């Protein structure tokens with residue numbers, strides 16, 4: 001199979017097949033490319049079949065439920081983190097970026113960190129980020145923009161690792177959210193006490209990325225401005 | 001216009017559709033991408049728009065919403081990706097959800113980067129590559145081999161002990177019982193042409209047996225009763241049930257493509273039913 005060929009080559013051949021089919025209804029190219037790359041024959045034909053036929057009309061219940069959960073995760077969290085990553089990329093890399101076409105494409109960016117962070121904001125139980133969106137109708141970057149000393153990365157990390165966040169920090173966040181949007185403090189605190197992540201971990205086939213060992217490490221990962229990081233550090237020390 | 005690695009020009013494939021969009025980010029744009037049918041709004045156009053929109057505006061979010069929208073239980077722009085992932089027999093079941101989510105994570109991760117340029121040229125190829133990348137993340141460097149193994153159903157050895165639903169499947173010519181009478185001849189002519197073009201001897205033989213045998217259709221496997229014709233595993237004893245299934249799907253994919261690309265065909269409900277039959281093969 002494709003293990004001896006580069007994924008780049010396979011992707012290029014897929015794209016040739018896709019464009020030939022969608023642009024010209026050409027169904028013969030898959031045969032020609034299969035003859036030229038016999039080791040990729042199965043992959044190429046299978047891709048073409050999926051392109052033409054799509055998924056089966058019926059799928060089992062578990063598959064449909066899983067896809068519905070993934071879609072909910074996309075809407076509540078996945079898109080937000082991707083957009084936040086793009087915002088960050090624009091602010092960091094405009095000097096090396098050249099615009100093109102209608103407007104300006106997103107530049108090569110640092111989305112990896114943000115998107116990795118999104119991986120665990122999942123599952124059927126509501127995350128803190130999803131809770132905020134439901135309660136105040138705002139997305140994570142909008143919430144972050146209106147909360148002093150915070151950014152979207154920090155809020156996402158708090159949502160993902162509430163167990164390393166000191167109670168005093170949670171209380172301060174709850175107070176600010178109440179002052180700003182009127183959400184009862186106890187509701188925010190309850191959401192931050194969620195056990196979702198641990199329940200989910202038990203059913204996963206592989207380990208999560210290494211957790212931050214403590215709140216300081218979480219702050220380091222959040223890429224906050226030094227003064228903001230120091231604010232939360234002081235608050236954590238004061239309460240502890 | 002950009003160039004491919006081989007130096008060939010790489011024009012945007014849907015330039016006219018893209019240029020016909022309302023001004024990016026306008027209220028008209030939001031209404032347009034929310035309402036236009038998927039067939040008239042290629043995913044590559046959405047990706048290109050997304051890459052040009054300010055990421056902190058409503059339009060970028062709306063564009064992502066549309067690109068990953070579900071119509072009922074169907075993903076509008078992720079059909080080929082989901083088709084591949086669903087066929088992979090993942091155990092435990094949770095792996096399926098993880099794989100889909102990880103794939104979408106890598107897609108979201110890549111869209112704003114240079115890799116996203118590929119998505120704006122050939123969306124389904126891009127998604128398929130991300131699926132393989134996510135699979136490799138799960139299974140390491142030898143993941144490609146496992147990827148194919150994961151798709152294969154259990155082989156016949158265990159069939160004596162465990163009821164095998166595959167053995168009860170039978171195949172009939174896809175146009176039987178679906179097509180309007182006046183179309184049968186046309187479809188059979190197209191199917192004949194497709195068979196003649198298939199370059200793999202085994203796939204060609206499977207297509208002939210499943211499409212043109214005048215007797216009752218053979219089952220994939222199993223001995224069958226006295227009234228039944230030999231199963232395909234009996235007719236092709238050196239081939240596994242998985243290989244037979246793959247051959248059927250490959251042949252059916254080519255037949256479906258031939259029908260879809262034939263603009264002189266009248267697209268009747270019977271023809272649509274036949275296409276669905278091919279899809280579910």
Practice task
Could you check the simple spin-label distance between residue A:72 and residue B:20, using points 7 Å along Cα→Cβ, in nm with one decimal?
Solution key: 3.8 nm
Problem - Distance between modelled label sites at residue B:58 and residue B:200, nm, 7 Å Cα→Cβ extension - result: 5.1 nm
Fill in the blank from the handout: From the Cα centre of the stretch A:146-170 to that of the stretch B:241-262, the distance in Å is 52 Å
Problem - Neighbour-count order for B:190, A:140, B:33, fewest beta carbons within 10 angstrom listed first - result: B:190, B:33, A:140
Practice task
Determine, for A:128, B:267, the number of other Cβ atoms within 10 Å of each Cβ, and report the residues in order from fewest to most.
Solution key: B:267, A:128
Handout entry: Inter-label distance, nm, simple model (7 Å from Cα along the C-beta direction), residue A:147/residue A:189
Key = 1.6 nm
Practice task
Could you list A:213, B:125, B:264, B:132 in order of exposure, starting from the residue whose Cβ has the fewest other Cβ atoms within 10 Å?
Solution key: B:264, A:213, B:132, B:125
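Coordinate-derived values only; no laboratory data. In this text, all values refer to a predicted model and were calculated from it rather than measured experimentally. We place every Cβ from the backbone using ideal geometry, glycine too, and count neighbours over all the protein chains shown.
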